Amino acid sequence: GRYFTLLDFLVSDTAVKRGIPNWVDITTAEGKDAIAMMQLLCANLLDPLCDEFNRISITRGYLGRELYKNLYRVENWPKGALAHGFSKSAGADILVHSWNEDALKLAFHIQASPQYVFDFLRTYPGSPILCAGVDPFQHKRIIQEWLPGFRGCKIHKPSGSFRQGQLGQDNLLDLGV
C-alpha cells in the first residue's frame, strides 16, 4: 500500500511478549496469496482511509500459523483465522487516530461512502478499534456490531443503489444468556 509496509501487518505485541514468531514466507504460494490480500486491503480500504483521516494504525493484522494457534488454541489455520489468516480474504483491526466518536459511527461513515470497498466492518463494545475485512469477490458492506459481553451482534446492512447508508438491523447471534 501507499502508507503501509509488510511490517505493519506483522508486528504483534502478543507475539513479542510470548516469544512467538509471526511471519509470512513470501516465497510460497500461501505467502504470495497473503501479500496479495494485504495489497487488496490497502488499496480498497486502508489507503483511502489514510487519505481521508491521515493517520491510522493497524493493531492486529496478519496472524501467522504459530501466533494464531497460540492465541486461539486451535489447529485449523488459516481457515479458522478468518480474515486474519489472509488465505481468501484479508482483515485488520485498525485505530483511526483523528476519529473522536465511537467506532460504530466511523463504521457507518465508511459504509455510507462509495469510495471504500469492503466486505465487513466489525465493532467491539467500548473499543475505538474497528475490524475491517475485504474479500476479492464479496463486497457485502455490512457492519457487525458486537453487543456488550460479546453476547451476539447486530448486523447493519447497507441499502440504496450504492449499497450504502441506511441502518438495517438483524440479529446474527443471540445466545440468550
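Give me the 1.4 Å probe accessible area per residue for region 32-75, excluding ligands and nucleic acids, in Å².
On the way: 2120 Å² over 44 residues.
Counting only protein heavy atoms, the per-residue value for region 32-75 is 48 Å².
With only Lys, Arg, Asp and Glu charged, each at its Cβ (+1 for the first two, -1 for the last two), find how big the charge dipole of region 24-74 is about the Cα centre; round to the nearest 20 debye.
320 debye
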How large is ³J(HN,Hα), in whole Hz, for each residue of region 127-139 in order, when computed from phi with the Karplus curve 6.51 cos²θ - 1.76 cosθ + 1.60 and θ = phi - 60°, using x for Gly and Pro?
-> 10, x, 7, 10, 8, 10, x, 10, 9, x, 10, 10, 10
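The values are calculated or read from the model by the stated rules, or taken from the named source; none is laboratory data. Source: prediction; values computed, not measured. Here the Cβ is made from the backbone with ideal geometry for all residues, glycine too, and neighbour counts use every protein chain on show. Please note that ligands, DNA and RNA were not included when accessible areas were found on the heavy atoms of the full protein model with its side chains. Shrake-Rupley method; radii C 1.70, N 1.55, O 1.52, S 1.80 Å.
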